[in-house]
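The values are calculated or read from the model by the stated rules, or taken from the named source; none is laboratory data. Just so you know, these numbers come straight off a predicted model, no measurement behind them. Neighbour counts run over all protein chains shown; Cβ positions are idealised from the backbone, glycine included. Note: areas computed on protein heavy atoms with side chains; ligands, DNA, RNA excluded. Shrake-Rupley method; radii C 1.70, N 1.55, O 1.52, S 1.80 Å.
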Amino acid sequence: MAMTARQRARVSLYVQAGIFVVAIAALILATDWKTIGNSVFNFGKIGPMFPGIFTTGLVNTLIYTFLGFIVGLSGGLLLALMKLSSFPLYRWIATGYIEFFRGVPALLVFIAFGYGVPLAFGVSWNITLVVMVSLGIVASAYIAETLRAGLQAVPKGQLEAARSLGMPQWRAMVTIVIPQAFKIVLPPLTNEVILLTKDSSLIYVLGLTASQYELTKFGRDGISSLGAGLTPLLVAGAFYLIITIPLSLLARKFESRSARTKR
Amino acid sequence: MNDVVNNPRGGTATVHAAGVSIKDLRKSYGTNEVLKGISLDVAPGAVVCLIGPSGSGKSTLLRCVNLLEQPNQGSIHVGGFEATHPDVDIDKMRRKVGMVFQQFNLFPHLDAKRNCSIAQTKVLKRSQAEADKVSMHNLERVGLGHLSDRFPDQLSGGQQQRVAIARALSMDPELMLFDEPTSALDPETVGDVLSVMRNLAKEGMTMLVVTHEMGFAREVADRVVFMDGGVVVEEGVAEQVISAPTQPRTKEFLRRVLDPTHIEIQE
């Protein structure tokens, strides 16, 4: 008997759900739970990770991310303004910078600033400075593109109105255009912070002292010292989610708020 | 600048009014010449309406006066400023020239009062208290004193446009430019905006107005300038240009604008 369109859609939905359930079941059956339980879900031995993972790991991850974001935001704003400049040299510099640092792995930037710069200039930077600069440089390339889009999304009439009131170009940008652009880019900017939080883990390639450990390094250290297999990394991963999920919710809130107000 | 105003409408002059003098102004976008040698004088305190079909160059002309568009040739004098001089202090000149846009262009992140005060504090370096006082005075002048804490998206189009006028007036301009100020408005809010402009004219403000409101032009303007294809086709006393145009193109345009339901569709 022929089905109506609505019936067909419902049957199709059941089929999709069925495939999903079968796939999950197959995965569960195929898993070697005994082995994985010992090496990944071995929560009996992770006691010594606490409270250090809070007081050192989480705190350092937050500090590194924050510092990287501050540098990335200032650098990103500068690059975005350069990219929109009427002066070609500025546009070329900004474009080259953005393409380069978006194109190379962040890990290489960490190595360059952690090992390369000290060798090249005979200076030794402390770890916080290396993270701040490396993370900031990578972040500014991404943030620059986000901010540029935001600045261009502010209607041209806003700048014209500000200039018509006698504001010089810089004043009109600072007082009128940039605040509106930030409001527009708040959701994507929050996503940048999430990416940065995770990228701060790349610091593990550099030599750290125990007090400088952030979450990932803290987890890796646990692997070698606790005999609980990879479980410490799983714990570290959970701590990232403690940071990133609230940020995601925040981004979604910004999005719905800017969707409600007209401009 | 600051001439003693012989207010043509006989009212008491309450503003310092500047005149405008435009000579042989030319403006092209690429190969498309939109202003083909415009000359126009506006006496201090006078109200001049620019009318004409869309694409005639009247908005471009208006925007050249405060250099939102850079003319290619010719000269513009506004009060004591030569706008077209290479060394002109553009920002200083613009403080004397209020601009009202078709799309209002209020700052959406600021409330009505702050829209009026922001340039006063940042450009004229007035104290916040003084700027607020001036803002409130001008918002009351346009009949919106009671809505000073509203944000633009909480105001109707007509109210937004009146805030935009108050914002321009808060800089104590000597000349006001209006670029189709009522074209984006719902019909029932047009009247409020026009009456604010009418009062401004009575106070002796120099006004250059691009508009399609022929009733307003006839009643308020001292002179009407009809533009088409980048040139001034006809200009004169408002009543005469609108009621008894001499040029065929002016006649045709006015017939279409004043009586749009009786156009004969031609082959």
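Just the residues that are among the polar types (S, T, N, Q) and within 15 Å of B:LEU169 (Cα to Cα), please, taken from region B:196-228.
Once the filter is applied, which keeps residues that are among the polar types (S, T, N, Q) and within 15 Å of B:LEU169 (Cα to Cα), region B:196-228 yields B:ASN199, B:THR206.
How about region A:148-192: which of its residues are buried (at least 22 other Cβ atoms within 10 Å of the Cβ) and within 7 Å of chain B (Cβ to nearest Cβ)?
A:ALA161, A:SER164, A:LEU165, A:GLY166, A:MET167, A:ILE176
For region B:95-118, which positions are outside any loop (DSSP other than H, G, I, E, B), open to solvent by less than 20 Å² (accessible area, probe 1.4 Å) and not hydrophobic (A, V, I, L, M, F, W, C)?
Residues satisfying the conditions are B:GLY98, B:ASN115, B:SER117.
If you check A:ARG257, A:ARG220, A:ARG252, which single one turns out to be in a helix (DSSP H, G or I), touching a helix residue (DSSP H, G or I) at 6+ places or on another chain (Cβ under 9 Å) and within 14 Å of another protein chain (Cβ to nearest Cβ)?
Of the residues listed, the single one that is in a helix (DSSP H, G or I), touching a helix residue (DSSP H, G or I) at 6+ places or on another chain (Cβ under 9 Å) and within 14 Å of another protein chain (Cβ to nearest Cβ) is A:ARG257.
Which ones in region B:55-85 are basic (Lys, Arg) and within 13 Å of chain A (Cβ to nearest Cβ)?
If the condition is that a residue be basic (Lys, Arg) and within 13 Å of chain A (Cβ to nearest Cβ), then B:ARG63 is the only one that fits.
Say whether the condition of being open to solvent by less than 10 Å² (accessible area, probe 1.4 Å), in contact (Cβ under 8 Å) with a residue 60 or more places away in the chain and under 22 Å from B:LEU254 (Cα atoms) is met by at least one residue in region B:163-184.
For region B:163-184, residues open to solvent by less than 10 Å² (accessible area, probe 1.4 Å), in contact (Cβ under 8 Å) with a residue 60 or more places away in the chain and under 22 Å from B:LEU254 (Cα atoms): present.
Can you pull out the residues in region B:199-215 that are surrounded by fewer than 21 Cβ atoms within 10 Å (Cβ to Cβ) and within 25 Å of B:LYS133 (Cβ to Cβ)?
Listed by number, the residues that qualify are B:ASN199, B:LYS202, B:GLU203.
Answer yes or no as to whether A:THR209 is surrounded by fewer than 20 Cβ atoms within 10 Å (Cβ to Cβ), away from chain B (no Cβ under 14 Å) and of a type in the set (Ser, Thr, Tyr).
So A:THR209 passes the test.
Which residue pairs have Cβ atoms closer than 7 Å, lie 6 or more positions apart in sequence or on different chains, and pair a first residue in region B:86-114 that is over 20 Å from B:ILE76 (Cα atoms) and more than 7 Å from chain A (Cβ to nearest Cβ) with a second residue that is charged (D, E, K, R) and not in a loop (DSSP other than H, G, I, E, B)?
Once the first residue is over 20 Å from B:ILE76 (Cα atoms) and more than 7 Å from chain A (Cβ to nearest Cβ) and sits in region B:86-114, its partners that are charged (D, E, K, R) and not in a loop (DSSP other than H, G, I, E, B) give B:GLN102/B:ASP179; B:LYS113/B:ASP132.
With respect to B:THR121, is the statement that it is assigned to a loop (DSSP other than H, G, I, E, B), of a type in the set (Val, Ile, Thr) and either within 14 Å of chain A (Cβ to nearest Cβ) or open to solvent by 30 Å² or more (accessible area, probe 1.4 Å) (or both) true?
Criteria not met by B:THR121.
Suppose we keep only residues that are part of a loop (DSSP other than H, G, I, E, B) and on the phi > 0 side of the Ramachandran plot within region B:65-94. Which one would you say is surrounded by the fewest Cβ atoms within 10 Å (Cβ to Cβ)?
Looking at the filtered set, the residue picked out is B:LEU67.
Any residue at all in region A:109-130 that is within 15 Å of the chain's Cα centre (by Cα), within 30 Å of A:TYR213 (Cβ to Cβ) and surrounded by 22 or more Cβ atoms within 10 Å (Cβ to Cβ)?
no
Which condition breaks for B:GLU140 when tested against (1) within 12 Å of chain A (Cβ to nearest Cβ); (2) free of Cβ contacts under 8 Å to residues at least 40 places away in the same chain; (3) open to solvent by 40 Å² or more (accessible area, probe 1.4 Å); (4) not aromatic (Phe, Trp, Tyr)?
Of the numbered conditions (1) within 12 Å of chain A (Cβ to nearest Cβ); (2) free of Cβ contacts under 8 Å to residues at least 40 places away in the same chain; (3) open to solvent by 40 Å² or more (accessible area, probe 1.4 Å); (4) not aromatic (Phe, Trp, Tyr), the odd one out for B:GLU140 is (1).
If we scan region B:126-135, do we find a residue that is open to solvent by less than 20 Å² (accessible area, probe 1.4 Å) and in contact with a Pro (Cβ under 7 Å, 6 or more places away or on another chain)?
No, region B:126-135 contains no residue that is open to solvent by less than 20 Å² (accessible area, probe 1.4 Å) and in contact with a Pro (Cβ under 7 Å, 6 or more places away or on another chain).
Has region B:91-102 got at least one residue that is farther than 17 Å from B:PRO173 by Cα and of a type in the set (Phe, Trp, Tyr)?
no
Would you confirm whether or not region B:46-54 contains a residue that is of a type outside the set (Asp, Glu), open to solvent by 30 Å² or more (accessible area, probe 1.4 Å) and either more than 14 Å from chain A (Cβ to nearest Cβ) or without any contact (Cβ under 8 Å) to a residue 40 or more places away in the chain (or both)?
yes
Just for helices (runs of 4 or more DSSP H) wholly inside region B:211-260: which have at least 2 residues that are over 16 Å from the mean Cα position of the chain (by Cα) and within 15 Å of B:GLY57 (Cβ to Cβ)?
Counting at least 2 such residues, we get B:248-258.
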